[in-house]
1. Would you work out which of Leu213, Ala317, Gly62 lies farthest towards the positive end of the dipole of the chain, given +1 charges on the beta-carbon of Lys and Arg and -1 on that of Asp and Glu, about the Cα centre?
2. Collect residues whose amide H, placed 1.01 Å from N in the peptide plane, falls under 5 Å from the amide H of Ile339; neighbours closer than 5 in sequence don't count.
3. Could the peptides 249-260, 266-277 be put in order, highest first, of the mean number of other beta-carbon atoms found within 10 Å of their residues?
4. Can you work out the Karplus-derived ³J(HN,Hα) for every residue in the range 16-30? Use 6.51 cos²θ - 1.76 cosθ + 1.60 with θ = phi - 60°, whole Hz, and x for glycine or proline.
5. For the range 207-221 and the range 51-71, write down the distance between their C-alpha centroids in whole Å.
6. Tell me whether the range 292-352 comes out rounded, prolate or oblate; compute the Cα gyration tensor, take square roots of the eigenvalues as a ≥ b ≥ c, and use a/c under 1.5 as the rounded threshold.
7. Return the subset of Lys5/Lys132; Lys98/Lys305; Lys297/Lys327; Lys132/Lys281 for which the Cα-Cα distance in this structure is over 25 Å, preserving the input order.
8. Using only alpha carbons, build the gyration tensor for the range 46-139 and give me the equivalent ellipsoid semi-axes, biggest first, whole Å.
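Computed from the coordinates by the stated procedures, all read-outs in this text should not be read as laboratory data. Worth saying up front: this structure is predicted, and the values here are computed from it rather than measured. Neighbour counts are summed over all protein chains in view; Cβ atoms, including those assigned to glycine, are modelled from backbone coordinates with ideal geometry.
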Amino acid sequence: MDMSKKLEFTGAVYQQIMKQLSVIDSFKGNWEIIDLKHSKHLKELRKIATIESIGSSTRIEGATLTDSEVEKLLKAVKITKLTTREQQEVVGYYEALKIILDNYKDILITERYLHQLHSILLKHSDKDQTHKGKYKNLSNQVVANYPDGTTKTIFRTTEPHLTPKEMERLLTWLEERFKTLDMHPVMITATFIYEFLSIHPYQDGNGRLSRLLTTLILMKQGYEFTQYISFEHIIEERKEDYYRVLMDGQKNRYSEEEKIDKWILFFLDCMVTLIQRLEKKYEVYKKLEKELNERQKEVLKFIEKVKKVSIGDIEKAFKNQSRNTLKKDLVYLVNEGLILKTGELKGTRYHYIE
């Protein structure tokens with residue numbers, strides 16, 4: 001599979017790419033030399049990132065469950081019957097993501113393993129049982145799903161009879177890159193994901209699987225820090241841009257005019273955003289350890305989960321604490337730059353700073 005034409009960049013684009021890769025690699029180097037293995041913060045960071053990833057990746061495909069609802073569902077999953085498609089998708093994504101996070105070093109990116117991951121992803125989905133773990137046998141397309149129920153066709157994808165061959169070529173290309181190391185790891189990941197989405201090899205679940213594969217491929221190449229912050233959450237925030245840059249390359253699919261520079265720049269920009277957020281979150285956790293008491297830590301965690309709260313919301317969540325005490329905690333958290341206060345009097349709201 002020859003990607004060279006698609007990866008031809010102008011001088012200006014090349015400079016942007018190199019600048020972004022420099023930021024990513026600088027952070028990767030710093031992260032590796034910090035003694036994080038014994039940090040108690042990492043478990044909490046990964047837990048938050050996992051919930052955000054599940055919520056965001058399923059919402060991109062049209063689900064509506066909030067992160068709080070996702071967390072509540074996963075806590076009760078052993079006693080809850082998964083009656084809705086949203087619940088089925090959330091639990092499937094959680095189980096596939098957990099396997100990747102726990103076993104990424106041992107997972108080979110082959111057709112067999114992709115089919116297994118796809119099967120796990122759709123394991124609980126009633127309507128997907130007949131085609132899970134198998135390449136598509138009907139034409140499909142990339143469709144943007146919006147919260148109001150509307151959809152928009154983004155582009156058509158590889159026809160079913162061509163899919164096995166195109167996937168074989170793509171997986172061979174990835175294996176060769178892993179062996180020769182002739183491309184930057186993040187560029188390899190971005191290119192593979194673009195091609196995977198263009199082929200759209202499965203009848204359903206391609207978008208979700210592509211985001212799982214993003215985490216898997218990055219972690220296999222040494223970017224383990226991606227498990228502590230949600231890449232999916234950033235994609236959800238930039239959903240319009242995500243579809244726009246995919247369409248930009250796709251409009252010239254199967255021609256020498258197909259370029260993926262806009263997709264590459266978008267992907268790298270998301271990686272830089274991820275790094276900035278991880279740096280900030282880790283600094284906050286270190287600050288928490290040094291300066292906040294246990295009650296203040298819990299208040300901050302509550303605001304992080306809900307995103308925007310009133311003093312009344314906090315009182316309900318912390319019934320054993322006086323309103324006065326909680327107000328003092330909020331003032332302290334605002335002054336420390338850990339939360340943002342907006343509005344006045346009854347309209348006052350406290351926001352978690354991403």
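1. Working it through, the farthest residue towards the positive pole turns out to be Ala317.
2. Distant-sequence amide H within range of Ile339: Val334.
3. 266-277, 249-260
4. Per residue, the Karplus-derived 3J(HN,Hα) values read 4, 4, 5, 5, 5, 5, 5, 4, 5, 6, 5, 5, 4, x, 5 Hz.
5. If you average the Cα positions of each part, the centres end up 17 Å apart.
6. Because its axes are fairly even, with a/c under 1.5, the range 292-352 counts as rounded.
7. From the list (Lys5/Lys132; Lys98/Lys305; Lys297/Lys327; Lys132/Lys281), the Cα-Cα distance tops 25 Å for Lys5/Lys132; Lys132/Lys281.
8. 22, 17, 12
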